[in-house]
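The values are calculated or read from the model by the stated rules, or taken from the named source; none is laboratory data. Everything numeric in this text was worked out from a predicted model, so none of it was measured. Cβ coordinates were reconstructed from backbone atoms using ideal geometry, including for glycine residues, and neighbour counts include every protein chain displayed. All accessible areas refer to the heavy atoms of the entire protein, side chains included, with ligands and DNA or RNA removed. Shrake-Rupley method; radii C 1.70, N 1.55, O 1.52, S 1.80 Å.
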Amino acid sequence: MNSTFSYSPAVASSRLQRLISMVTVAAVGVMLTMPVMATTAPKKGSTTKRVTAVQSKPVKAASKNKPNGLSSKRLAQARQMTAVPMRASFGQMAGLHTASDPLDLRSSVALVIDQDTREVLLRKNDQAVLPIASLTKLMTGLVISEAQLQMSEMIAITQADVDTEKGSSSRLAVGSVLSRGDLLHLALMSSENRAAHALGRTFPGGLDSFVARMNARAKALGMKDTRYVEPTGLSSNNQSSANDLAALVGAAYKEPVLRELSTSHGREIAVGHRTLQYNNTNRLVKSPQWDIGLQKTGYISEAGQCLVMQAQVSGRKLIMVFLDSAGKLSRIADAERVRRWVEKSSAISGAKHVALGEQFPG
């Protein structure tokens, strides 16, 4: 029987060796591709973990490059602000922001009156009683000024002056020594809380006597909606109405020292071996478009942004009160709206303008 197949030991050996080589190469190739396959085709559920790990690496690397702990502190504060919703003010909770007005003011409470004639030019929720924040310091200043205490007397900041109400910071470290005049300056111009508290604490008779004097002075001025519990305004229990605050502005304006210090642009204060630069919290005092005779700003979350001013506009001395404004700059914008309205109305009428007061029942 003829056959095309012939067996040769040498050929068989050669073929077997080639087969073994091919199998070996294939096995090595499979082993080499296994890590890649594990990376590109992971088991279900492992992708998220890997993405998270990859995303976390840049953050970790960035933290190593921080020059100090300030960045991490700011990052923590930012996270806290993001996590905690903004606290509604008393005015917002009472629905006062729903009230409208022709000037589209952002403050839920507003009052503008002629200081000389007492004519009400504009009113909006002016009888609402709300927290007044650092507008409190205007009464603090009035009581100090009227007591005729020695302004050169040196007063030390103590632990008692540290804010335990809101936990606010201050550049006046415990142990700092300033004159009563400098403390009054910083309280009115820069709304320095420790300065205001130190003024009340060192008043003859102590802090309780000072707060009692604040309330007695408010009563004497006819401020029937006003109550003070401390001299800084950090407590939301310091409350008043726009009508009462207008009376306070009028009384404070009679004190030259309060006019001068509250409208001061800035002041350098020597504290120990340091010199601190303080500026006015109301940027309108530097504006050439404004002639401001007295002013005070205020803010805590319960009160919103607040502002009171005495200013001359178009030849008229006006007292302006803005309470519970939502945005940081909106109280300033409201004052600008009123100024432009008064100027425009005066230009049209020649001297005075039609008041909007009767359109806003209190």
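Listed values, structure above:
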| quantity | calculated |
| --- | --- |
| Backbone HN-Hα couplings from phi across the stretch 310-321 [Karplus 6.51/-1.76/1.60, Hz, Gly and Pro as x] | 10, 8, 9, 10, 6, x, 10, 7, 10, 10, 10, 10 |
| Simple spin-label estimate for Ala94 and Arg274 in nanometres, 7 Å along Cα-Cβ | 3.9 |
| Cα-projected label distance for Glu336 with Ser314, points at 7 Å along beta-carbon direction, nm | 1.9 |
| Under the Karplus curve 6.51 cos²θ - 1.76 cosθ + 1.60, θ = phi - 60°, whole-Hz ³J(HN,Hα) for the stretch 270-277, x wherever Gly or Pro sits | 7, 10, x, 8, 10, 10, 9, 9 |
| For the stretch 166-244 and the stretch 258-297, distance of Cα centres in Å | 18 |
| Shape of the stretch 111-158, Cα gyration tensor, a/c cut at 1.5 | oblate |
| Of the GluC sites (Glu not before Pro) in the stretch 90-160, those whose Cβ has at most 15 other Cβ within 10 Å and which sit in DSSP loop | Glu119, Glu153 |
| Value in Å of the Kirkwood radius, where the stretch 166-212 supplies the Cα pairs that are averaged | 11.1 |
| Residues in the stretch 184-199 that a label on Met151 would reach, taking backbone N under 14 Å of a point 7 Å out along Cα→Cβ | 184-189 |
| Mean separation of Cα contacts under 8 Å (6+ apart) over length of the stretch 147-293, as relative contact order % | 20 |
| Solvent-accessible ranking of His265, His197, His185, His273, largest area first, probe 1.4 Å | His273, His265, His197, His185 |
| Cα Rg, Dmax, the stretch 101-202, angstrom units | 17.3, 51 |
| Taking the convex hull of Cα positions in the stretch 134-257, its mean projected area over all directions (nm²) | 6.9 |
| Two-site FRET efficiency, Lys166 against Asp208, from Cβ-Cβ distance with R₀ of 22 Å, rounded to 0.05 | 0.55 |
